[in-house]
Amino acid sequence: MTAQKRRACLGIRRTRGWPVRLAALLFALPVFAHDFYVMPSGFSAGEGSGLAVGLRNGDTFPESEVSPVLDRVRDVKLLSAAGTFDVKNLRKTEKEILGDVQIPGPGGAIVIARTVPHFISLAPKPFNTYLSHEGLDDVIAWRQKHQESRTPSRERYSKYAKALITTGGDTSFLAHEVGTAAGMTIEIVPEASPNDLKDGQPLPIRVLYRGIPAAGRQIEVSWAGAGVSRQISIAGRTDANGRLDIALGKPGKWRVHTVLMERCADQKAAEWESYWASLTFETR
């Protein structure tokens, strides 16, 4: 299949300044289909209703390509004005992990999940492609400087996901909580509720790593509309305060994604440690 046909199948739009990373994405998909994110049965749920929480893996948002490993998943919770509630009955299906939780009250909710650190080793070429796709230029430069570009990787990674849920159109909890960190090692913090934005107004986000603004992080945005329409684009990089404005502009489901990688503190365990963050929501 040609690259053009693969783009058409995926609905990927060319965006200015991104041809190199687009090509990397297209040819890396079979290897790097591992974005971890929350996909609920609905991004809007009535008070007292049940919500099925899906945990998915893959680059073809919003579909899941492969299920996360159940034993590695931790802290799947729903945060609301009424308190914090565990997502229960976690079980693995063919391509996702499902869990159940009840919407406790009005105002919306935030669903969070994480995975435990896991080791992986990649050959030099796919690892360098992965670094390029995720915009990890600092890691690429370090490996070149230390003559490691041609050596296999030894990486430990963990992933952190968050989703925004509205409750019957009531976003009072979300409006109060946006801009507030949920306490994850790395997270994408929206500084406005997507449903409260005016037409054409961008969504301001902030990336925090251990509570500190993460500057220079590449932000990838995936959008899925009606039918099979979908797009992937690079929104830009976070500024010195970890902030970036993301243009939305149309209704649909959204996933915002970033990766931070640093030298692992325990060099016996791995040389590099990466932290993945995702934020999912829907605009109407």
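The values are calculated or read from the model by the stated rules, or taken from the named source; none is laboratory data. Since the structure is predicted, the reported quantities are computational estimates derived from the model, not experimental observations. Don't worry about glycine lacking a Cβ; one is built from the backbone with ideal geometry, like all the others, and counts go over all protein chains shown. Just the protein is used for accessible areas: all its heavy atoms, side chains included, with ligands, DNA and RNA removed. Shrake-Rupley method; radii C 1.70, N 1.55, O 1.52, S 1.80 Å.
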Exercise for the section: Identify, by number, the condition in (1) assigned to a strand (DSSP E or B); (2) modelled with pLDDT of 95 or more; (3) on the phi < 0 side of the Ramachandran plot that G236 doesn't meet. Expected result: (3)
Fill in the blank from the handout: Across (1) under 17 Å from the mean Cα position of the chain (by Cα); (2) at pLDDT below 95, S229 clears everything bar (1)
Exercise for the section: Please tell me if I205 is at pLDDT 95 or above, out of contact with any Phe, Trp or Tyr (no Cβ under 9 Å at 6 or more places or on another chain) and either of a type in the set (V, I, T) or open to solvent by less than 30 Å² (accessible area, probe 1.4 Å) (or both). Expected result: yes
Practice task
Restricting attention to strands (runs of 3 or more DSSP E) lying wholly within the stretch 44-154, give those where 1 or more residues are among the aromatic types (F, W, Y).
Solution key: 83-86, 118-120
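What number of residues within the stretch 65-90 satisfy the criterion of being touching a Gly at 6+ places or on another chain (Cβ under 8 Å) and under 25 Å from T167 (Cβ atoms)? Reasoning before the result, please.
Start the filter on the stretch 65-90 by keeping residues that are touching a Gly at 6+ places or on another chain (Cβ under 8 Å), which leaves 65-66, 76, 80-82, 87-90.
If we keep only those that are under 25 Å from T167 (Cβ atoms) as well, we get 76, 80-82, 87-90.
Matching residues across the stretch 65-90 total 8.
Looking at the stretch 165-213, which of its residues are of a type in the set (V, I, T), assigned to a loop (DSSP other than H, G, I, E, B) and out of contact with any strand residue (DSSP E or B) (no Cβ under 8 Å at 6 or more places or on another chain)?
T171
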Fill in the blank from the handout: Here the residues within the stretch 52-77 that are of a type in the set (A, V, I, L, M, F, W, C), modelled with pLDDT under 95 and open to solvent by less than 30 Å² (accessible area, probe 1.4 Å) are F61
Practice task
Answer with yes or no whether Y160 is in a helix (DSSP H, G or I) and among the hydroxyl-bearing types (S, T, Y).
Solution key: no
Practice task
Spot the failing condition for G216; the list is (1) touching a residue at least 40 places away in the same chain (Cβ under 8 Å); (2) part of a strand (DSSP E or B), and only one is missed.
Solution key: (2)
Exercise for the section: Being open to solvent by less than 50 Å² (accessible area, probe 1.4 Å), in contact (Cβ under 8 Å) with a residue 60 or more places away in the chain and within 17 Å of the chain's Cα centre (by Cα) is the filter here, so list the residues in the stretch 97-122 that pass it. Expected result: I110, V111, I112, A113, T115
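Quick check, is A81 more than 30 Å from E148 (Cβ to Cβ), touching a residue at least 24 places away in the same chain (Cβ under 8 Å) and open to solvent by less than 30 Å² (accessible area, probe 1.4 Å)? Break it down stepwise before answering.
Working: more than 30 Å from E148 (Cβ to Cβ): yes; touching a residue at least 24 places away in the same chain (Cβ under 8 Å): yes; open to solvent by less than 30 Å² (accessible area, probe 1.4 Å): no.
When the stated conditions are applied, A81 does not pass them.
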Fill in the blank from the handout: Counting only residues in the stretch 123-141 that are free of Cβ contacts under 8 Å to residues at least 40 places away in the same chain and out of contact with any helix residue (DSSP H, G or I) (no Cβ under 6 Å at 6 or more places or on another chain), the one surrounded by the most Cβ atoms within 10 Å (Cβ to Cβ) is identified as F127
Completion exercise
Of the residues in the stretch 253-268, those that are over 19 Å from Y209 (Cβ atoms) and outside any strand (DSSP E or B) come to Q267, K268
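Criterion first (under 15 Å from the mean Cα position of the chain (by Cα), within 20 Å of N128 (Cα to Cα) and not acidic (D, E)) does S274 satisfy it?
On the way: under 15 Å from the mean Cα position of the chain (by Cα): yes; within 20 Å of N128 (Cα to Cα): yes; not acidic (D, E): yes.
When the stated conditions are applied, S274 passes them.
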Handout entry: First in the stretch 153-179 and of a type in the set (S, T, N, Q) and open to solvent by less than 20 Å² (accessible area, probe 1.4 Å), second anywhere and in a strand (DSSP E or B) and modelled with pLDDT of 95 or more, Cβ under 7 Å, 6 or more apart
Key = S153/W272; S158/R114; S158/T115; S158/Y275
